[in-house]
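Take a look at the structure below.
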Amino acid sequence: GERGPCRAMSPHGDGGRSDKKIGVWGMVVVGFFWVHGGIYGNEAMLMAGPPLYVFIMLGIVPFVYSLPIALIVAELSTAFPEDGGYVVWVREACGAVVGSHHAYWVWVIYVVDAAIYPVLVSNYIDNWIPMGDTSRGLLAMGIVCFVTAINLLGTDVMVKFNTVLAVVSLAPTLIFTVLGLPQIQPARCVQAEGDVDWTLLVSWILWLYCGFFSLGTLAGELERPRRTFLLSIAILFPAVLILNTLPLAVALGIDGTASNYSAGYFNVLAGRVAGSWLDVCFQIGATVCLVGLYNAAIITAERSLA
């Protein structure tokens, strides 16, 4: 059959198939775990350098790196509305042989990446409810089976599942940010004293913002791809920018000593803002976030070989 933009484009420029099921909201909640997932662990960025340099990088990189990628993904996914995203584009540009090799290695990368998340979830839960090695292994396997079942039930169920994960993962961050806004101290966000580990800082920021590559993974299942992509990017891009900066500014307003910050310190600060219940909510949110990241990696791995 014919391949390429001529085949893919509809008269309205929104892609061909009538059975596409994912709209703007579905794309936002699924894409959330590709482009962000949660702030959990981001506080450790202050280990890489003073706040001023961290905020400069957090503000500049999305515009020179993520936004161009997002717009490229939107254009190519509209031209080639097929599941797989950049797997499809490489196949179209370089042929079936190179495309097959690329698809295989994308699958390997995401399967290996996904494997860590169920283990991390079981280890998190083990901190609350001590378990033996066998119980942790069974729990991790249960998570794998549960997420697999959700995806086998179809796109609609998968989108609803991601909606629940996104809400539960994001809610503690929003509560912490809203309650902590009055404590923001701009002077603490522009402190420049101290050494900068540019290798760590740059690699961390690029990793934070690299997820926009994956937005094309579900292009074959979208309603009106052009509209859906543009609106989804218009929501996700500023949301990610705000979520990566504002909670960190709130945290610095509560505790301006950058040396105190390491992974998990948001939980401590949440407890100071609202009490132990928000600390617990952060722990639950972090655990749910890991499930969402696992699901996102599985979606990409599955559709890379579609």
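The values are calculated or read from the model by the stated rules, or taken from the named source; none is laboratory data. Keep in mind it's a predicted model, so treat the numbers as computed, not measured. Note that we place each Cβ from the backbone using ideal geometry, even for glycine, and neighbour counts take in every protein chain shown. Please note that ligands, DNA and RNA were not included when accessible areas were found on the heavy atoms of the full protein model with its side chains. Shrake-Rupley method; radii C 1.70, N 1.55, O 1.52, S 1.80 Å.
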Subject >> Matching helices (runs of 4 or more DSSP H) fully within the range 166-254 where at least 2 residues are of a type in the set (Gly, Ala, Ser) and modelled with pLDDT of 90 or more >> reply: 225-254
Original post:
Is there any pair linking a residue in the range 92-114 that is within 18 Å of Ser214 (Cβ to Cβ) to one that is open to solvent by 70 Å² or more (accessible area, probe 1.4 Å), with Cβ under 6 Å and at least six apart or on different chains, and which?
Top reply: Ala103/Leu305; Trp107/Leu305
**OP:** Out of Ala263, Ala234, report the one residue that is open to solvent by 10 Å² or more (accessible area, probe 1.4 Å) and touching a residue at least 60 places away in the same chain (Cβ under 8 Å).
**Re:** Ala263
Original post:
Only one of (1) over 26 Å from Tyr86 (Cβ atoms); (2) of a type in the set (Asp, Glu); (3) touching a residue at least 40 places away in the same chain (Cβ under 8 Å) is not met by Asp126, so which one is it?
Top reply: (3)
Original post:
Hey, among Val178, Val240, Val202, which residue is under 30 Å from Glu75 (Cβ atoms) and either in contact with an Asp or Glu (Cβ under 7 Å, 6 or more places away or on another chain) or open to solvent by 30 Å² or more (accessible area, probe 1.4 Å) (or both)?
Top reply: Val202
**OP:** Go through Ile143, Ile129 for me and flag whichever is over 15 Å from Thr300 (Cα atoms) and modelled with pLDDT under 90.
**Re:** Ile129
Original post:
Quick one: what pairs do we get from the range 29-57, first residue charged (D, E, K, R), second assigned to a helix (DSSP H, G or I) and surrounded by 20 or more Cβ atoms within 10 Å (Cβ to Cβ), C-beta under 7 Å, 6+ apart or different chains?
Top reply: Glu43/Leu248; Glu43/Ala251; Glu43/Phe266
